[in-house]
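Read the structure below first, then the notes.
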Amino acid sequence: MSNPPFGFGLPDPDKGRDNESSGGQSGSGSDAFQQLGQMLSQLGQMLSQAGSTSGPVNYDLAKQIALQRLGSEGRMGFTAGEESGESAVRDSAHLAELWLDEATILPAGATTTAAWTARDWIDRTLPTWQRLCDPVAKQVSSAWMQALPDEAKQAAGPLLSMVGQMGGMAFGSQLGNALAGLASEVLTSTDVGLPLGPETTSALLPQNIAKFTEGLERPKSEVLVYLAAREAAHQRLFAHVPWLRQRLLATVEEFASGITVDTGALEQLAGRVDPTNPASIEEVMSSGLLEPQTTPGQKAALGRLETLLALVEGWVDVVVADAVGERLPGAEALRETLRRRRATGGPAEQTFATLVGLELRPRRMRAASALWKLIGDRHGMQARDTLWSHPDLMPTADDLDDPLGFAERLGDTGAVDDGVDPIAELERAERARRGESEPGQGKERRDEGDGENGAAGREPGDA
């Protein structure tokens, strides 16, 4: 039985024959009982783990499955005989930060640079995955319970908690397999476009980068510097644009929390589920019959997320091209390769489609890159990067359709040409809308009224 769910399954008859002793059948019965005992022991261990984990997803199981699938491969960095992964990553990140200082007004955002293995990536990103996956798991679990008839709920009694544990194990198994596949392919901590890792930590995965480099016909050191520049640019945004990290993750949560499940389909599937068999639950969950229904609210959230992801990826694309374009001979080829990799959808898109029902693809990254490039050429780096200071200043999906119009309107406001603080302008407009005076204006008027007879200009009640 290949890939047994949750790590246990029926004995393999082929292996049983291989293990039979040459003395006849006396050993085969003993082996069968031993294999049965091991299977029951593993089942008890999995149920024990399920009982120790609260919530709709068994994240302990997810981590265990992911690490088991990675095996020893997840512990490796660069191959033997090459420069150590940590040293190569550290040197590349330092060089990339120096180049980026000339391409953006945002200062370095990473205080720590790390070379991660695939196992490290799972350890460091699992808390964020928990935040993203909990909403959809809660929705599906609650819909499953609500679909049961009242009579069935009363008859089941304590078994309902066991079914909940099995559901958490099934979700954990699905998450663990998805994370294992993703961890073996991601290149940096921000490779999926979201800030999955710890704040202010710039991380690259040397082993995955080595595999990625094999078909590029470019030196590994060159590829590493280019990817380090992309990672550093992402970290500058996430560290110095306070609203960005929360906005991205909250939008994914909003999409996931709005998931609805067809209870009619659940009723049809109820007869196919064996509560004592985790494989049957996982089969039902992956059958497609529980595919979430997209609501208008979710479509709006998806549109906002796609636009914001495109703006992030587009800005990183332009800034990195400005920073390394004339310094790395293969920069343009690497730029196009990574553009296609993000646009066509790789492991990140498949993982999100499986876990959250969301295709995490910046479909309009090229349009966003063109927009940021145009703003920088027309108004300069300062004006381009200042737009990140407030979400209300950011381009919209309509602006991606008309980048020239947005650039012209940006110049007409005078903010980019006259050195006006855009945040101060927004605050001033908000105060004007509420009919409030500017801070300090009252005091200035009193001071103007004060002369030699200062009391003449004071407001009633002033001492």
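Listing for the model above:
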{"item": "Thr294-Ser142 pseudo-label distance in nm [points 7 Å out on the Cα-to-Cβ vector]", "result": "2.3"}
{"item": "Under-5 Å amide H pairs with Ala114, H placed in peptide plane, nonlocal only", "result": "Ser202, Ala203, Leu204"}
{"item": "Protection-proxy order for peptides 124-136, 172-184, each taking the mean of Cβ atoms within 10 Å per residue, highest first", "result": "172-184, 124-136"}
{"item": "Taking segment 165-226 and dividing mean pair separation by its residue count, relative contact order in percent (alpha carbons under 8 Å, at least six apart)", "result": "23"}
{"item": "Simple spin-label estimate for Leu216 and Asp392 in nanometres, 7 Å along Cα-Cβ", "result": "4.2"}
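All of the numbers you see were taken from the coordinates with simple rules; none came from a lab. Note that the structure is a prediction, hence the values are computed from the model and not measured. We place every Cβ from the backbone using ideal geometry, glycine too, and count neighbours over all the protein chains shown.
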